[in-house]
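One structure below.
The values are calculated or read from the model by the stated rules, or taken from the named source; none is laboratory data. Worth saying up front: this structure is predicted, and the values here are computed from it rather than measured. Note that we place each Cβ from the backbone using ideal geometry, even for glycine, and neighbour counts take in every protein chain shown.
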């Protein structure tokens, strides 16, 4: 899931290894995202049209859709980086560690990073935009469901769980529920003015409590045996 960028203008960044054409494409994409963030912050997601975003960004509407096939993609990534990182953390866990422990530990660490002072503005902006739009709330739940399905599929494949076994989905659902709850806690606290080390500590404490529940109920399931 993408944090809404701060509306402040940024100097174009040169991507290492990108050709001139690719660099221009990436700069256009950045400009569209930043423009959308400004408009969403001003008026809310549902009140802003793609045509308006295109006009302010200095591109045609088709260009916006070339980069983002659906409007929701301007706020919520369809393939959030956290998905690949979470699945990798589970795949790389050491022998004797359960899937729930590996995934839960990753989630707690990732969410604690939202307490970084530089993350506060993006977290707050994201919270306001998402909570102000029923459409985005639905899409965010869908993305969380897709993450749950991907984690469950990985656990099912690794363990060879038979069709109909509930353990993979139960494990994955518990982990992503922890992720979702910590994300909402971070948003609540940032909007209340709590950031930095205080927020990071709160997220770690809450995350560890949740992780202990995962461990207590699921510690013996899907332990790596090699």
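Within the range 130-139, not a single residue is assigned by TED's automatic domain parsing to the domain that holds residue 85, closer than 25 Å to residue 216 by Cβ and surrounded by fewer than 17 Cβ atoms within 10 Å (Cβ to Cβ). What do you reckon, is residue 161 in contact with a helix residue (DSSP H, G or I) (Cβ under 6 Å, 6 or more places away or on another chain), surrounded by fewer than 21 Cβ atoms within 10 Å (Cβ to Cβ) and more than 14 Å from residue 182 (Cα to Cα)? For residue 161, the condition - in contact with a helix residue (DSSP H, G or I) (Cβ under 6 Å, 6 or more places away or on another chain), surrounded by fewer than 21 Cβ atoms within 10 Å (Cβ to Cβ) and more than 14 Å from residue 182 (Cα to Cα) - is met.
Taken over the range 209-223, the criterion of being surrounded by 13 or more Cβ atoms within 10 Å (Cβ to Cβ) and in a helix (DSSP H, G or I) is satisfied by 210, 211, 213, 214, 215, 217, 218. Hey, can you tell me all the residues within the range 94-110 that are surrounded by 17 or more Cβ atoms within 10 Å (Cβ to Cβ) and over 14 Å from residue 214 (Cβ atoms)? The answer is 110, and nothing else.
Checking every residue in the range 124-136 against the condition of being free of Cβ contacts under 8 Å to residues at least 40 places away in the same chain, assigned to a helix (DSSP H, G or I) and at negative phi gives zero matches. Among the residues making up the range 42-63, those that are touching a helix residue (DSSP H, G or I) at 6+ places or on another chain (Cβ under 6 Å), in a helix (DSSP H, G or I) and either surrounded by 14 or more Cβ atoms within 10 Å (Cβ to Cβ) or assigned by TED's automatic domain parsing to the domain that holds residue 131 (or both) are 50, 53, 54, 56, 57, 61.
Considering 26, 76, the condition of being part of a helix (DSSP H, G or I) and at pLDDT 90 or above is satisfied by 26 alone. Residue 91 falls short on exactly one of the conditions (1) under 18 Å from the mean Cα position of the chain (by Cα); (2) under 21 Å from residue 173 (Cβ atoms); (3) loosely packed, with under 14 Cβ neighbours inside 10 Å, and that condition is (1).
Please verify whether residue 206 is within 18 Å of residue 106 (Cα to Cα) and part of a helix (DSSP H, G or I), treating the condition exactly as stated. So residue 206 fits the description; yes.
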